[in-house]
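What follows is one structure encoded as structure tokens, with my remarks underneath.
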Amino acid sequence: MEQEDSHMEQEDPRRNSDLQVMMFLIKIMRTVFYGMFWLMINIFFGLYLGFGVPEESTPLRMGGFYTWLVLSSAGFVYMLWRMWRRKMPPP
């Protein structure tokens, strides 16, 4: 029984380190997913629907689109800052 306990104590730091690496990779995947989702929304409205193209849009629609673009990019950067601000302990 004592041998099992000492064996479990030796594996615990490794499991903790594996969990930290997995959480780090999940954080990276979330960042990439949120970034791609944000880009796809803005590309769809700006280029595909023409809200951001001067030849295809009215000044009011362009103003609304670029206001949305600036506000959503500020929100996106704030969300990323909140996600990444916590320091991870070294393995």
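Computed quantities for the displayed model
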item	result
Residues (surrounded by fewer than 13 Cβ atoms within 10 Å (Cβ to Cβ) and among the hydrophobic types (A, V, I, L, M, F, W, C)) located in region 66-91	V70, L71, A74, V77, W81, M83, W84, M88
Pairs with Cβ under 6 Å, 6+ apart, first in region 7-30 and aliphatic (A, V, I, L, M), second open to solvent by less than 80 Å² (accessible area, probe 1.4 Å) and at pLDDT 80 or above	none
Test: T58 is at pLDDT 95 or above, among the hydroxyl-bearing types (S, T, Y) and over 26 Å from K27 (Cα atoms)	no
Output for region 61-91, where each listed residue is farther than 30 Å from V21 by Cβ and more than 20 Å from the chain's Cα centre (by Cα)	R61, M62, G63, G64, F65, Y66, T67
Residue count for region 41-65, restricted to those that are within 17 Å of F76 (Cβ to Cβ) and surrounded by fewer than 16 Cβ atoms within 10 Å (Cβ to Cβ)	3
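Listed here are the residues, each with its yes/no results for (1) in contact with a strand residue (DSSP E or B) (Cβ under 6 Å, 6 or more places away or on another chain); (2) within 16 Å of Y34 (Cα to Cα); (3) part of a helix (DSSP H, G or I).
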{"site": "F45", "(1), (2), (3)": "no, no, yes"}
{"site": "V53", "(1), (2), (3)": "no, no, no"}
{"site": "S57", "(1), (2), (3)": "no, no, no"}
{"site": "R61", "(1), (2), (3)": "no, no, yes"}
{"site": "A74", "(1), (2), (3)": "no, yes, yes"}
{"site": "M79", "(1), (2), (3)": "no, yes, yes"}
{"site": "M83", "(1), (2), (3)": "no, yes, yes"}
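The values are calculated or read from the model by the stated rules, or taken from the named source; none is laboratory data. In this text, all values refer to a predicted model and were calculated from it rather than measured experimentally. As a convention, Cβ positions derive from the backbone with ideal geometry for all residues, glycine included, and neighbour counts pool all protein chains shown. Heads up: the accessible areas ignore ligands, DNA and RNA and are worked out on the full protein's heavy atoms, side chains in. Shrake-Rupley method; radii C 1.70, N 1.55, O 1.52, S 1.80 Å.
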